[in-house]
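Visitor: Below you'll find the structure I mean.
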Amino acid sequence: MRVALLGSTGSIGRQTLEVIRALRPRFQALALAAGENIESLLQQVREFNPAVVSVGTEEAAERLRRELGLGRAQPEILWGEAGLREIASLPEVQIVVNGLVGAIGLEPTLAALEAGKRVCLANKESLVIGGHLVKRALARGGGELIPVDSEHSTIFQLLEGRRPEEVKRIILTASGGAVRDRPLEELPSLTPEEVLCHPTWRMGRRITIDSATLANKGFEVIEAHWLFGLEYDQIEAILHPQSVVHGLVELADGTLLAGLSPPDMRLPIRYALTYPERLGGSQVELDLRGLSLEFAEIDPQRYPAFEAVVEAGRLGGTMPAAINGADEVLVERFLRREIPFTRIAEGLRLVLREHREFGGEEPGLEEVLAADRWGRERAKKI
Ligand code: MG
């Protein structure tokens, strides 16, 4: 299977290449797209020999061309958002892994689905800001959408082969991030270093901060709404510090199914690539002995961002795009020490109050992207 990997030098990208390395020669990385991290990309190009590569800017493309030199067959080098879209719809590619971070991931997802590809989706913004557009592209292009987010991959597997009327509700678990056990009065003075210390997962910076505010879990509720076609009332979230149970499904008769695995993204990536097959040889194993599992209610005082984001999902239209755009900027500003940790959630609530929908219930791509820009601009002024 020929794979195009978007965001190859990020956390999901690097782990996807590890999985592909283990599944060679059946799977090959035919195309890689990265941003500005040319050093890592060079190593990846040398090892995986992709036919096409895309980078963030024209300058980065020049640099890559120079560094690769003339001594070998060069890949075709593209750049910018056009490069991402092109890589996502290459005719030779069967699977697109979208590991991009942020709203920039939406258009490549749409391009890949329109072209009938399987999209292994780690870019949650695709569904958060453009869920209705993704569904439309899926119906039009005849592609497939397989979640890579660990909670969604688990629930996807638990739901396999079930009819909608069998399912009462689903439950997503949340580790509670770095602030779970801090006294509430300490939250305003937390430093980026303290919040970047995630107790169970190793991830990129934005998602680690989003896991501490639980904005991430709110975005995952929206993601689940679109992926599984469930009403918001059927989707719940619960704190689970060990990150061993990733998701649960309650069936109509009250039976509760749970999916367990160690917190290791290589597992959902592997399943998304090989679905519906299950290939052996995975190094990931869970030892149940000595394991204790705890669950607790999400405290709205500690995690006000969670409810704000879920509310944006319920309101629909361009509200999720506005709140997501704002969150990206607020997290960046917290990391640059411009605002305190607790201001992130306050900023999200402000967006919820102030954003006026663009384009009604089914906004087009332009309106969604305009709402994203609106959210960013608003967050810069907070
Ligand atoms: Mg997740």
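Any read-out appearing in this document is the output of simple, stated calculations on the displayed coordinates, not a laboratory observation. Bear in mind the structure is a predicted one, so any value in this text is a computation, not a measurement. Glycine also receives a Cβ, built like all others from the backbone with ideal geometry; neighbour counts cover every protein chain displayed.
Visitor: Label segment 126-209 by shape, choosing from rounded, prolate and oblate, from the square roots a ≥ b ≥ c of the eigenvalues of the Cα gyration tensor; if a/c is under 1.5 it is rounded, and otherwise prolate applies when a/b is larger than b/c, oblate when it is not.
Guide: Taking the square roots of the gyration eigenvalues as a ≥ b ≥ c, segment 126-209 is prolate.
Visitor: Per residue of segment 221-228, in order, report the coupling 6.51 cos²θ - 1.76 cosθ + 1.60 (Karplus, θ = phi - 60°) as ³J(HN,Hα) in whole Hz, putting x for Gly and Pro.
Guide: Calculated HN-Hα couplings, in order: 5, 5, 4, 5, 4, 7, 5, 10 Hz.
Visitor: Among 14-26, 213-225, 52-64, how do they line up from the highest to the lowest mean number of other beta-carbon atoms within 10 Å?
Guide: Listed from highest to lowest mean packing, they are 213-225, 52-64, 14-26.
Visitor: Just rank Asp264, Asp181, Asp299, fewest to most, by other beta-carbon atoms within 10 angstrom. Don't jump to the answer; show the numbers that get you there.
Guide: Working: Asp264 19, Asp181 8, Asp299 14.
Lowest count first: Asp181, Asp299, Asp264.
Visitor: How large is ³J(HN,Hα), in whole Hz, for each residue of segment 257-274 in order, when computed from phi with the Karplus curve 6.51 cos²θ - 1.76 cosθ + 1.60 and θ = phi - 60°, using x for Gly and Pro?
Guide: 9, 10, x, 10, 6, x, x, 8, 5, 4, 5, x, 5, 4, 5, 5, 6, 9
Visitor: Also, I was wondering about something else. Dipole of the chain, Cα-centred, from +1 at each Lys and Arg C-beta and -1 at each Asp and Glu C-beta, to the nearest 20 debye?
Guide: Value, rounded to 20: 880 debye.
Visitor: Could you list which residues have their amide H under 5 Å from that of Arg169, counting only those 5 or more apart in sequence or on another chain, with H placed in the peptide plane?
Guide: When sequence neighbours closer than 5 places are left aside, the close amide H contacts are Glu250.
Visitor: Here's a follow-up. With runs of 4+ DSSP H residues as the only contributors, calculate the mean residue ellipticity of the chain at 222 nm using -39,500 (n - 2.57) per run, divided by the residue total and rounded to the nearest 500.
Guide: Details: 15 runs with 173 residues, N = 382.
Per the formula, -14000 deg cm²/dmol.
Visitor: Which whole-Hz couplings ³J(HN,Hα) result when phi for each residue of segment 10-25 is put into the Karplus expression 6.51 cos²θ - 1.76 cosθ + 1.60, θ = phi - 60°, listed in order with x for Gly and Pro?
Guide: Calculated HN-Hα couplings, in order: x, 4, 5, x, 5, 6, 5, 5, 4, 5, 4, 4, 6, 9, 5, x Hz.
Visitor: Take each of the peptides 138-148, 283-293, 247-257, average the number of other beta-carbon atoms within 10 Å over its residues, and list them starting from the highest.
Guide: Descending mean neighbour count gives 138-148, 247-257, 283-293.
Visitor: Shape of the chain from its Cα gyration tensor (a ≥ b ≥ c, root eigenvalues): rounded if a/c is under 1.5, otherwise prolate when a/b > b/c, or oblate?
Guide: In terms of gyration-tensor shape, rounded.
Visitor: I want to verify a result. In a Gaussian network model of the chain, Cα cutoff 10 Å, which of these has the top mean-square fluctuation: Glu297, Glu307, Glu361?
Guide: Glu297
Visitor: Shifting gears a bit: Amide H of Phe358 versus every other amide H placed in the peptide plane: which residues, excluding those fewer than 5 positions away on the same chain, fall under 5 Å?
Guide: For Phe358, whose amide H was placed from the backbone, the distant partners under 5 Å are Thr318.
Visitor: While we're looking at this one, here's another question. Which whole-angstrom value gives the distance between the alpha carbon centres of segment 330-382 and segment 79-122?
Guide: 25
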